[in-house]
């Protein structure tokens, strides 16, 4: 994930290369996974250490650095899956939308469009809440306040967006401070909360065996 307006936005080309390679690897992963459970997200998802399987299904970490709801991930994922269906797709996006200054209406439109694309590709569709950012690393007080205002608005909109798309919504419980390594990306304590929420978010697709 990148801070809008900071100098390291100049690293866009290497980031694009990384994402391309990551998408190729995921293409191969999906080609050998029958009825997978997919967590579709950004670098927070990509850096997580979720289990490889859950209730007899492959659990595929489809996190892509820099991804947002406007990254056309629905087209990419449905193309990769083709005629196959996933057992579940859990969408864990929104942090980059907030960091990039997208307003709530833009966010709701792009998130709703993504869910509409994914609806036909999974038996169960889920939406995960967005974690808070912190005053750490290069995060200034003003930028954190602006970003958190957007995150709070996005999180408030997610339950209705999920319901409209026939998806379940899993909120993120409050995380202790600190819960990030740089203001954005989670530390071990943050991931303990995040991982637990992810597994709860896909448990409905597994039935009693995953609870």
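The values are calculated or read from the model by the stated rules, or taken from the named source; none is laboratory data. Fair warning: this is a prediction, and the values are worked out from it, not measured in the lab. Positions of Cβ are backbone-derived with ideal geometry, glycine not excepted, and every protein chain shown enters the neighbour counts.
Quick look at the values:
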item	result
Hits in region 98-114 (condition: touching a helix residue (DSSP H, G or I) at 6+ places or on another chain (Cβ under 6 Å) and more than 24 Å from residue 134 (Cβ to Cβ))	108, 112, 114
Residue 161 being more than 27 Å from residue 188 (Cα to Cα) and either in contact with a strand residue (DSSP E or B) (Cβ under 7 Å, 6 or more places away or on another chain) or modelled with pLDDT of 95 or more (or both)	yes
Number of positions in region 166-211 that are in a loop (DSSP other than H, G, I, E, B), in contact with a strand residue (DSSP E or B) (Cβ under 9 Å, 6 or more places away or on another chain) and surrounded by 18 or more Cβ atoms within 10 Å (Cβ to Cβ)	4
Those residues of region 116-139 which are buried (at least 19 other Cβ atoms within 10 Å of the Cβ), over 19 Å from residue 73 (Cα atoms) and without any contact (Cβ under 8 Å) to a residue 60 or more places away in the chain, in sequence order	132, 133, 134
Residue match in region 140-156 (condition: without any contact (Cβ under 8 Å) to a residue 60 or more places away in the chain, part of a helix (DSSP H, G or I) and in contact with a strand residue (DSSP E or B) (Cβ under 6 Å, 6 or more places away or on another chain))	no
Where a residue in region 14-34 is part of a helix (DSSP H, G or I) and its partner, wherever it lies, is at pLDDT below 85, with Cβ under 8 Å and at least six apart	15/2
Count of region 69-115 residues which are free of Cβ contacts under 8 Å to residues at least 40 places away in the same chain, within 17 Å of residue 39 (Cα to Cα) and part of a loop (DSSP other than H, G, I, E, B)	2
Output for region 56-66, where each listed residue is in contact with a strand residue (DSSP E or B) (Cβ under 8 Å, 6 or more places away or on another chain), part of a loop (DSSP other than H, G, I, E, B) and either at pLDDT 95 or above or at positive phi (or both)	none
